[in-house]
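What follows is one structure encoded as structure tokens, with my remarks underneath.
The values are calculated or read from the model by the stated rules, or taken from the named source; none is laboratory data. In this text the structure is predicted, and so the values were computed from the model without any measurement. With ideal geometry, Cβ positions are generated from the backbone for all residues, glycine too; neighbour counts draw on all protein chains shown. Quick note on the areas: whole protein, heavy atoms, side chains included, nothing else; ligands and nucleic acids left out. Shrake-Rupley method; radii C 1.70, N 1.55, O 1.52, S 1.80 Å.
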Amino acid sequence: MAIWKLSPQHKKSAVEKMFFYNGSKAIIVEQGWRWGTFTVESDQRPLTDLELVNEDGYELGCIDNDESWELYEMTDGCWLDIDALRDATEEDVTAFEQAWEEDGYDGVEELGWSNDDTEYYYYGPLELINEDTGQVFLGDAVETQEQTEQQLLAELDQLVASMPDPDEPAVTDWFDATTTCPDKIGIYQIGSQITNNTSSNWPFPSYANWDGKKWNVQDIVNWRGLANKPK
């Protein structure tokens, strides 16, 4: 059973809607979050590519595929709106806002309000991560250049495993990063010094992405890659 994490690709795209009731009256508190994450356990990938595009907004508590998402975290609240719903007056909203600002849930409960329902929504393209394999699925293909380190490592493992000739070395020799740069865009193993053609942090290798002009990390002393040596 794999653990999957689901988050919006873009910040300020997670919304929490809390519904408060007091007799026949209702008030909604809408909280915007900079980032949010839900998790689910599933043997199958829970969302398709089309669902990850998420053109119409995604409600985590009411999903077509019946997966049971659980809240992992909502971080860095960035805006909050309080509005009247059924039978609530402007005076009710004003008193609610003051109590909420002063003492949050406890403050509004003292006024007789009860939070009986909460909904969570993601807007815009989504990011789905298989925590067991490191695979990352994105709703916005443009952002594939900003893949997580876990996916870069998973892709490198797949490249090594798919090498057609087992008699040929899987990687090149080590090269000094201060004098030699790769001639191809891609993922490379990096180290802080060269010791018998292996990085100093072996057996826990580190990797970096070369975009043709610069590395995505700093302080690289040496590197090596797959297949052919650089020209």
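Could you grab me the full set of residues in the range 183-207 that are of a type in the set (Val, Ile, Thr), at pLDDT below 50 and open to solvent by less than 50 Å² (accessible area, probe 1.4 Å)?
Residue satisfying the conditions is Thr198 alone.
Yes/no per residue for (1) surrounded by 14 or more Cβ atoms within 10 Å (Cβ to Cβ); (2) aliphatic (A, V, I, L, M); (3) assigned to a loop (DSSP other than H, G, I, E, B); (4) at pLDDT below 85:
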site	(1), (2), (3), (4)
Phe137	yes, no, no, no
Val142	no, yes, no, yes
Gln158	no, no, no, yes
Cys181	yes, no, yes, no
Val217	no, yes, yes, yes
Here are some conditions: (1) loosely packed, with under 12 Cβ neighbours inside 10 Å; (2) at pLDDT 95 or above. Asp66 meets all but one. Which one does it not meet?
-> (2)
Looking only at the range 101-142, count how many residues are out of contact with any helix residue (DSSP H, G or I) (no Cβ under 6 Å at 6 or more places or on another chain), within 19 Å of Gln31 (Cα to Cα) and not small (Gly, Ala, Ser).
-> 16
Filter result (in a helix (DSSP H, G or I) and touching a strand residue (DSSP E or B) at 6+ places or on another chain (Cβ under 8 Å)) within the range 74-93 = Glu90, Asp92, Val93
When Gly112 is run through (1) in a loop (DSSP other than H, G, I, E, B); (2) closer than 23 Å to Gly23 by Cα; (3) open to solvent by 50 Å² or more (accessible area, probe 1.4 Å), the failure sits at (3)
All but one of (1) under 30 Å from Met1 (Cβ atoms); (2) assigned to a strand (DSSP E or B); (3) open to solvent by 60 Å² or more (accessible area, probe 1.4 Å) hold for Ile129; which doesn't?
-> (3)
